[in-house]
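Inspection log for the structure reproduced underneath, given as structure tokens.
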Amino acid sequence: MGECADDCVSLQSKAAAFQAEILLKVSRTFALTIPQLPPDLCRAVSNAYLLCRIADTIEDEPALTVAQKYHYEAAFVDVVTGQRDAGAFANEVAPLLSAQTLDAERDLLKQLPLVLHITATLRPAQRAAIVRCLKVMSRGMVEFQRNASLNGLATLHDLDCYCYCVAGVVGEMLTALIIDFAPDMVSQRKLMLPMSVSFGHGLQITNILKDQWEDRERDICWLPQDMLAAQGVHPATLSPGGQSANYAMVMTELIGIAHAHLCQALEFALQIPAKHAGIRRFILWATGLALLTLRNLHERPHFSYGTEVKVSRKEVARIIKFTTLFEKNDLGLRRLFAVATRKLPFTPLTAEWCAPYRPAFPWPKRAIPYLSDIGQCEG
């Protein structure tokens, strides 16, 4: 009996150590922000991020066909919910990954049973929030992969739907995990949910703009055709560096949209009571990094690689210093945000985003048909 208990403790320690170690290898941003969370919440969010990263690895793998991605994304959800064997899944998928997949991502997939050992120890509400997020994300990524091409997404509304599936739903999951950790915040749930979706959207649009030239190397464009067409730009003709003034106008508008969403991300952070300073830091640091990336994009419209607009270590240190200084001061944070965004364009969000919040039907979820199969519950 004693040996069994010792083995269980040893496995828990091994799983916790791996989770902390691999997070540092697969994400620069979240390896910085997630550890700011209180330990119990940090453990759940770290686990959720790693599971989402595995789903993302499957989606990004160029050696897999769309049909294979559809199969393995669905199988992955079955693994997380205990309907398939994790080891068998990892052994089947890992050899299919190409050299373009990072070694750390390959290692993460191989160690899926270890990651799921942590998942199994989470509270039921935490697991439910993570599973719903993975269901939406896995299904959504594959649905958009079916029609992904250099032509881009058809409309800005399609971009909204894509961003919800890969990032907005993560914001909803975070709200569920935060409220599970701090039940006294349940009365703020209705306010926090749409703000958390915008938090995810702001980060995702920023990444899309930053990574657009690397995406084109994979024959993918996530920019909306309707916005490009309005300026006489065809997405298939775009190439890195030296873009036209018309393309720059589209970039300015998209940067402005990301900025508008990040304004809501600030409000999301301010919904967190100041006593939970670590949760505030988690949101504020991620938001600040996105804002500085947007500034770099705005100042360098002719960039050719994402590394050219990457936030420097010096800029990261500045974000940490000033947000930590004002983390409990709402007025100070608002002023800091205003200073950081004063040179950024601002594009008001479309009317759908401004409609009164109605559970299960806010934009852009009502435009995503398959959500009815998953359930509209928002954690």
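The values are calculated or read from the model by the stated rules, or taken from the named source; none is laboratory data. Keep in mind that what you see is a predicted model, and the values were worked out from it rather than measured. Virtual Cβ from ideal backbone geometry, glycine too; neighbours counted across all protein chains shown. Each accessible area value is taken on the protein alone, full model and side chains, heavy atoms only, with ligands, DNA and RNA left out. Shrake-Rupley method; radii C 1.70, N 1.55, O 1.52, S 1.80 Å.
Restricting the first member to the range 355-377 and to residues that are more than 23 Å from THR155 (Cα to Cα), and the second to residues that are surrounded by fewer than 17 Cβ atoms within 10 Å (Cβ to Cβ) and modelled with pLDDT under 75, the beta-carbon pairs closer than 6 Å and six or more apart or on different chains are GLN376/ALA360.
Taking each residue of the range 133-148 that is in a helix (DSSP H, G or I) and looking for partners that are open to solvent by less than 60 Å² (accessible area, probe 1.4 Å) and of a type in the set (Phe, Trp, Tyr) with beta-carbon atoms closer than 7 Å, six or more apart or interchain, yields SER138/PHE76; ARG139/TYR370; GLU143/TYR370; PHE144/TYR162. Can you work out which of the residues in the range 225-243 that are within 24 Å of LYS310 (Cβ to Cβ) and either in contact with a His (Cβ under 7 Å, 6 or more places away or on another chain) or not hydrophobic (A, V, I, L, M, F, W, C) (or both) is modelled with the lowest pLDDT? Only one residue fits best here, namely GLY242. The residues of the range 196-208 that are crowded, with 23+ Cβ neighbours inside 10 Å and either in contact with a Ser or Thr (Cβ under 9 Å, 6 or more places away or on another chain) or touching a residue at least 60 places away in the same chain (Cβ under 8 Å) (or both), listed by number, are SER196, VAL197, SER198, PHE199, HIS201, GLY202, LEU203, THR206. So in the range 271-287, with the set limited to residues that are open to solvent by less than 20 Å² (accessible area, probe 1.4 Å) and out of contact with any Ser or Thr (no Cβ under 6 Å at 6 or more places or on another chain), which one is nearest to LYS190 (Cα to Cα)? Ranking the qualifying residues of the range 271-287, first place goes to ILE272. Checked against (1) modelled with pLDDT of 95 or more; (2) outside any loop (DSSP other than H, G, I, E, B), PRO348 passes all but condition (2). Tell me the residue from THR33, THR29 that is among the hydroxyl-bearing types (Ser, Thr, Tyr), surrounded by fewer than 19 Cβ atoms within 10 Å (Cβ to Cβ) and either within 24 Å of TYR164 (Cβ to Cβ) or in contact (Cβ under 8 Å) with a residue 40 or more places away in the chain (or both), please. Criteria check complete, one pass: THR29.
Please determine, by comparing only the residues of the range 59-92 that are in contact (Cβ under 8 Å) with a residue 24 or more places away in the chain and among the acidic types (Asp, Glu), which one is nearest to ARG106 (Cα to Cα). Outline the logic, then answer.
Start the filter on the range 59-92 by keeping residues that are in contact (Cβ under 8 Å) with a residue 24 or more places away in the chain, which leaves 59-64, 66, 68-70, 73-74, 76-77, 79-81, 86-87.
Next, only the ones that are among the acidic types (Asp, Glu) stay: 59-61, 73.
Details: GLU59: 13, ASP60: 12, GLU61: 11, GLU73: 16 Å.
Among residues in the range 59-92 that are in contact (Cβ under 8 Å) with a residue 24 or more places away in the chain and among the acidic types (Asp, Glu), the one nearest to ARG106 (Cα to Cα) is GLU61.
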